[in-house]
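What follows is calculated from the coordinates using simple rules that are stated; it is not laboratory data. Quantities reported herein were computed from a predicted structural model and do not represent experimental measurements. Neighbour counts are summed over all protein chains in view; Cβ atoms, including those assigned to glycine, are modelled from backbone coordinates with ideal geometry.
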Amino acid sequence: MDRLIDRHRAVLPNWLALYYADPIEIVHANGRRVTDANGKTYLDFFAGILTNALGYDVPEISDAVRKQLDTGILHTSTLYLIRSQVELAEEIARLSGIPDAKVFFTNSGTEANETALMLATQYRRSNQVLAMRNSYHGRAFATVGVTGNRGWAASALSPVRVSYVHGGYPFRSPFRGLPDADYIAACVADLEDVLQTTTAGDVACMIAEPIQGVGGFTTPPDGLYGAFAEVLARHGILFISDEVQTGWGRTGTHFWGIQAHGVVPDMMTFAKGLGNGLAIGGVVARREIMDCLTANSISTFGGNPVATVGARAVLDFVREHDLQGNADRLGTRLLSGLRDISDRHPIVGDVRGKGLMVGIELVEPDGRTPAPAAAARVLEETRARGLLVGKGGLHNNVLRLAPPMTLTSEELEEALGILGDSIATVSSGEGN
Ligand SMILES: Cc1ncc(COP(=O)(O)O)c(C=O)c1O
């Protein structure tokens with residue numbers, strides 16, 4: 001048994017899904033291109049699940065990390081002052097727009113959301129939480145507890161009591177097709193109803209992804225969460241924006257996804273793109289919320305010197321190269337190119353997203369029934385043509401495009417060509 005896939009299956013959990021009938025091992029990468037163990041090179045439009053925000057082999061990041069390694073220090077613990085951690089916290093607090101904010105660093109998005117939920121439930125002395133249907137917030141008990149997607153809900157055990165709200169997924173919403181203002185009004189009415197009928201009133205918080213990631217890059221109308229926040233504020237309910245996928249300018253129009261909704265949340269959580277592959281996540285929150293815990297709490301590795309030095313270099317790069325602007329410009333072209341493809345192929349039920357976070361929902365000829373097998377086939381077709389894309393959604397029928405934010409127009413056109421050909425092949429029934 002010396003094939004890596006067999007060794008993987010023998011020793012790693014069954015529930016750790018691999019892409020492709022014949023999975024890929026990536027052994028080398030540069031820019032937006034990765035090379036597998038067979039020497040085949042691909043344009044990467046999923047970027048380690050939105051984590052390689054700048055792409056691969058970025059000298060500014062490698063140099064910053066190397067300089068830290070040269071000090072001989074990989075880790076000291078938060079028992080001692082860590083200059084790069086303080087400086088990164090100062091920067092994120094400032095960028096957050098949350099007045100008088102404080103930051104706590106973790107190693108992942110799950111831990112970031114667990115922390116935010118602990119803060120909210122302690123601050124409000126309530127275990128009641130509102131989450132969105134079709135959400136994903138992580139893999140530990142509180143975060144699975146607020147995950148509204150059966151495919152990612154591995155356990156019903158939960159420290160929080162959660163009520164789910166409509167609105168995050170317009171394409172499959174009961175309010176589908178309404179003009180934006182009416183859609184928002186219907187979702188606000190649902191939120192009021194959920195509060196009246198499924199909670200004891202003293203709810204701790206709402207947690208939401210501005211664009212649902214695992215849920216298939218579902219994109220509600222701008223302003224939805226601002227309208228929700230007005231209701232929440234009336235009840236003293238805190239609002240947490242999960243920016244694990246939407247942060248750092250990826251949505252193009254804004255630095256944080258939630259800014260499209262005209263609301264400054266009480267807390268934001270982040271991870272993925274911040275470290276460009278280094279393990280870092282965290283929470284940025286209003287000071288009195290962050291400081292509300294009455295016991296010690298520590299993350300041994302959270303905000304360690306290597307991760308925070310790297311993350312600072314990532315943020316500098318994002319701003320110095322205006323990657324948000326690049327995501328905005330290229331995202332507009334990506335959406336319009338995909339809408340042209342969609343016009344040619346009824347298998348495409350919906351094209352949505354913002355910036356370099358774009359989803360393509362595949363459907364049966366009735367325009368509604370999810371087509372997960374077609375999505376799996378498109379994934380194989382794109383791979384064969386040298387393009388890696390992601391997949392997700394409640395029904396596993398959504399292609400997810402999220403290239404590094406350093407993408408060039410030439411690379412974008414190349415990807416559009418491959419996607420067009422791949423979707424054409426699958427919709428014509430070839431490539432089965
Ligand atoms: C929106 C969102 N929140 C939280 C998480 C969990 O992050 P992690 O896998 O780093 O624990 C994810 C991961 O995909 C995510 O997409």
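Overview of values
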item: Residues with amide H under 5 Å from that of V165, placed H, sequence gap 5 or more; result: A131, M132, R133
item: Length gained when the stretch D6-A384 is fully extended (0.36 nm per residue, less Cα-Cα span); result: 133.9 nm
item: Gained length - T369 relative to D322, 0.36 nm times residue gap less alpha-carbon distance; result: 13.0 nm
item: Fraction of alpha-carbon pairs over 18 Å apart in segment 111-160 - percent; result: 21 percent
item: Equivalent-ellipsoid semi-axes of the chain, from the Cα gyration tensor, Å, largest first; result: 32, 29, 20
item: Rg and Dmax of segment 42-199, Cα atoms only, in Å; result: 20.3, 59
item: Translational D in µm²/s for segment 163-307 (Stokes-Einstein at 10 °C, 1.306 mPa s, Kirkwood Rh from C-alpha pairs); result: 96 µm²/s
item: Burial ranking of peptide ranges 294-301, 65-72 (average Cβ count within 10 Å, highest at the top); result: 65-72, 294-301
item: Segment 218-248 and segment 270-329: distance between their alpha carbon centers, rounded to Å; result: 20 Å
item: Ratio Rg/Rh, restricted to segment 66-145 and using Cα atoms, in which Rh is the Kirkwood radius; result: 1.05
item: For G349, residues with placed amide H under 5 Å, excluding near neighbours; result: E361, L362, V363
item: Reciprocal mean inverse distance between Cα atoms of segment 94-134 - Kirkwood radius, Å; result: 12.0 Å
item: Fraction in percent of alpha-carbon pairs per bin - 5 Å, segment 363-413; result: 5, 18, 24, 21, 16, 11, 5, 0
item: Segments 162-170, 20-28 sorted - mean Cβ within 10 Å per residue, highest first; result: 162-170, 20-28
item: Amide H within-cut-off set for G281, under 5 Å, with H built and near neighbours excluded; result: T106, N107, S108, G303
item: Between segment 74-142 and segment 364-399, the Cα center-to-center distance that results, in Å; result: 33 Å
item: Highest-first arrangement of 172-182, 336-346, 395-405, 135-145, where packing means the average Cβ count within 10 Å; result: 395-405, 135-145, 336-346, 172-182
item: Rg and Dmax of segment 279-421, Cα atoms only, in Å; result: 19.6, 59
item: Proximal charge balance of V34 [Cβ under 12 Å; K/R count +1, D/E count -1]; result: 0
item: Ratio of the Cα radius of gyration of segment 116-229 to 2.2 N^0.38 Å, where N counts its residues; result: 1.03
item: Sum of side-chain charges, R150 neighbourhood, beta-carbon under 15 Å (Lys, Arg +1; Asp, Glu -1); result: +3
item: Max mean-square fluctuation residue, GNM over the chain, Cα-Cα springs under 10 Å, options P99, P365, P59; result: P59
item: Formal net charge of residues neighbouring V351 (Cβ-Cβ distance under 14 Å; K, R +1; D, E -1); result: +2
item: Sum of -39500 (n - 2.57) over DSSP H runs of 4+, divided by residues of the chain (222 nm, nearest 500); result: -12000 deg cm²/dmol
